[in-house]
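Asks: One structure follows; several queries about it will come next.
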Amino acid sequence: MGTIKIALVGIGNCASSLVQALHHYGNPSQATESAGLAHPMLGNYAVSDIEVVAAFDVNKHKVGKPLNKAIFATPNNAPKFGDIPGMKIIVQRGPTLDGITPELQELVEESDAKPVDVAAKLKESGAQILVGLLPSGASEATHFYADAALKAGCGYVNASPVLLASDPEWAQLFRSANLPLVGDDLMSQLGATALHRALLDFLVKRGVRIVESYQLDVGGGTESLESLHRARDQKRSLKTQSVSAEVPYEVPVTAGSSDYVYFMGNRRESYFYLRGRYIGDADFKIDLRLISQDAPNSTSILLDVIRGVQIGFDRGFVGPIDAVCSYGFKAPPRSYPLSLSEAIFEHFIRSTRPI
Ligand SMILES: NC(=O)c1ccc[n+]([C@@H]2O[C@H](COP(=O)([O-])OP(=O)(O)OC[C@H]3O[C@@H](n4cnc5c(N)ncnc54)[C@H](O)[C@@H]3O)[C@@H](O)[C@H]2O)c1
């Protein structure tokens with residue numbers, strides 16, 4: 001089917017794991033289900049079909065550096081799982097806008113280079129899809145890059161919780177430009193939201209009445225710091241809505257990032273509490289703790305989403321692609337229970353029907 005040319009904006013921890021995975025699983029013998037990939041092949045696309053052709057950031061330690069070096073620059077702390085040979089892609093300076101908050105200024109040194117014309121650079125690179133990995137809550141920056149994608153004729157993947165695919169105006173702009181758009185707020189492979197939803201789905205299917213539930217987490221990446229300050233309420237609301245979609249009746253649920261602990265590095269600890277009743281009003285409680293690495297948790301789904309957008313492109317899908325959004329994101333335009341969104345995604349991949 002040919003190569004999927006992508007550009008990355010935000011060379012933080014998610015980008016680090018993604019670029020490492022592209023190299024590591026670029027060798028087809030490594031790209032098997034047992035290696036942590038949900039789909040070694042998605043439709044006709046292998047992981048090795050994805051190629052990064054451009055990258056943008058604002059951090060002094062990343063701008064002007066080859067991508068293989070920039071992904072390990074401070075303050076990134078994603079685990080390193082393989083050596084990456086030199087890459088020709090040099091990280092370009094994008095406009096900062098609201099990308100660096102006062103809380104992040106101690107950790108992120110802003111580049112003094114002049115911002116490039118992002119839309120022109122995207123066009124020049126031949127990118128088909130712009131993958132937005134901007135900080136949570138950076139709405140001006142997210143809107144700027146989405147607009148650059150429109151000008152350059154690229155589809156857009158919005159991993160951040162800023163609403164784009166779920167915003168009818170942005171959805172219409174991409175529809176009118178005949179370009180696909182997917183989002184919002186990427187779902188992790190074994191993230192707290194996915195696990196919480198799976199637990200609730202299990203309980204609902206067993207006929208158990210859920211009385212109340214929460215899921216709170218702490219982490220040490222810049223993303224956790226952002227989630228604590230400017231994006232706390234929004235993240236909490238999106239995660240809570242996503243989790244609540246699993247229960248077919250009203251139930252008190254709270255889900256969201258709670259704190260930042262600097263020495264945790266890229267580790268995230270998520271605490272789950274579920275209380276309910278089953279036959280004869282017998283009650284139960286579940287207390288669980290999930291300890292995971294944040295950045296690699298985003299990678300398998302991101303690889304599926306990128307290939308899903310390309311399949312959408314191949315079949316002429318424009319605007320938000322429902323099947324990809326509900327499978328890969330916590331705040332899609334339309335939410336379904338987890339098992340149904342997975343079934344819809346698999347059907348979309350297998351279908352050969354153009355629109
Ligand atoms: N498992 C996960 O890690 C996960 C899951 C779901 C969603 N997400 C979302 O993915 C996004 C990225 O997460 P992350 O952990 O990689 O964040 P991060 O903080 O590690 O990286 C963000 C990057 O964006 C750069 N940036 C800031 N402003 C910019 C601008 N104007 N132009 C270009 N670059 C700019 C920063 O310098 C940094 O390199 C976040 O919005 C997060 O909520 C992550």
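The values are calculated or read from the model by the stated rules, or taken from the named source; none is laboratory data. All values derive from a computational prediction rather than experimental measurement. Cβ sites come from the backbone with ideal geometry, for glycine too, and all protein chains shown count toward neighbours.
Per-residue answers, yes or no, for (1) closer than 30 Å to Ala282 by Cβ; (2) surrounded by fewer than 18 Cβ atoms within 10 Å (Cβ to Cβ); (3) in contact with a strand residue (DSSP E or B) (Cβ under 6 Å, 6 or more places away or on another chain):
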{"position": "Ser166", "(1), (2), (3)": "no, no, no"}
{"position": "Gln172", "(1), (2), (3)": "no, yes, no"}
{"position": "Arg175", "(1), (2), (3)": "no, yes, yes"}
{"position": "Val182", "(1), (2), (3)": "no, no, yes"}
{"position": "Gly191", "(1), (2), (3)": "no, no, no"}
{"position": "Ala198", "(1), (2), (3)": "yes, yes, no"}
{"position": "Gly207", "(1), (2), (3)": "yes, yes, no"}
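Asks: Can you tell me which residues in segment 100-113 are in contact (Cβ under 8 Å) with a residue 60 or more places away in the chain and either in a loop (DSSP other than H, G, I, E, B) or among the aromatic types (Phe, Trp, Tyr) (or both)? Steps first, answer last, please.
Replies: Going through segment 100-113, the residues in contact (Cβ under 8 Å) with a residue 60 or more places away in the chain turn out to be 101, 103-104, 107-108.
Of everything in segment 100-113, those that are in contact (Cβ under 8 Å) with a residue 60 or more places away in the chain and either in a loop (DSSP other than H, G, I, E, B) or among the aromatic types (Phe, Trp, Tyr) (or both) turn out to be Thr101, Leu107, Val108.
Asks: When only residues in segment 238-259 that are free of Cβ contacts under 8 Å to residues at least 24 places away in the same chain and either closer than 17 Å to Ser326 by Cα or in a strand (DSSP E or B) (or both) count, which is nearest to the chain's Cα centre (by Cα)?
Replies: Applying the first criterion (free of Cβ contacts under 8 Å to residues at least 24 places away in the same chain) to segment 238-259 yields 240, 244, 249-250.
The next check asks that each one be either closer than 17 Å to Ser326 by Cα or in a strand (DSSP E or B) (or both); those that pass are 240, 244.
Values: Thr240: 17, Ser244: 20 Å.
Ranking the candidates gives Thr240 first.
Asks: Can you say whether Leu22 is out of contact with any Leu (no Cβ under 6 Å at 6 or more places or on another chain), within 16 Å of the ligand (Cβ to nearest atom) and not in a loop (DSSP other than H, G, I, E, B), as far as the supplied structure shows? Walk me through it before giving the result.
Replies: On the way: out of contact with any Leu (no Cβ under 6 Å at 6 or more places or on another chain): yes; within 16 Å of the ligand (Cβ to nearest atom): yes; not in a loop (DSSP other than H, G, I, E, B): yes.
The answer is yes for Leu22.
Conditions (1) of a type outside the set (Ser, Thr, Tyr); (2) at pLDDT below 90, marked per residue:
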{"site": "Ile6", "(1), (2)": "yes, no"}
{"site": "Gln30", "(1), (2)": "yes, yes"}
{"site": "Ser34", "(1), (2)": "no, yes"}
{"site": "Val47", "(1), (2)": "yes, no"}
{"site": "Lys62", "(1), (2)": "yes, no"}
{"site": "Lys80", "(1), (2)": "yes, no"}
{"site": "Leu104", "(1), (2)": "yes, yes"}
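Asks: I'm told Lys69 meets every condition in (1) in a helix (DSSP H, G or I); (2) touching a His at 6+ places or on another chain (Cβ under 8 Å) except one. Can you identify the failing condition by its number?
Replies: (2)
Asks: Pick from segment 318-337 the residues that are touching a residue at least 24 places away in the same chain (Cβ under 8 Å) and surrounded by fewer than 21 Cβ atoms within 10 Å (Cβ to Cβ): which of them is nearest to Leu190 (Cα to Cα)?
Replies: Step by step, filter segment 318-337, then rank; the result is Pro337.
Asks: While we're here: One residue is enough: does segment 56-66 have a residue meeting the conditions touching a residue at least 60 places away in the same chain (Cβ under 8 Å) and in a loop (DSSP other than H, G, I, E, B)?
Replies: Of segment 56-66, the ones touching a residue at least 60 places away in the same chain (Cβ under 8 Å) are 56.
The next check asks that each one be in a loop (DSSP other than H, G, I, E, B); those that pass are none.
No, the conditions are met nowhere in segment 56-66.
Asks: Would you pick out the residues in segment 276-301 that are crowded, with 16+ Cβ neighbours inside 10 Å, part of a strand (DSSP E or B) and either within 16 Å of the ligand (Cβ to nearest atom) or of a type in the set (D, E, K, R) (or both)? Quick ask: steps written out before the conclusion?
Replies: If we filter segment 276-301 for residues that are crowded, with 16+ Cβ neighbours inside 10 Å, which is where we start, we get 276, 290, 292-301.
Applying the additional criterion that residues be part of a strand (DSSP E or B) yields 276, 290, 292-293.
Passing the criteria: Leu290, Ser292, Gln293.
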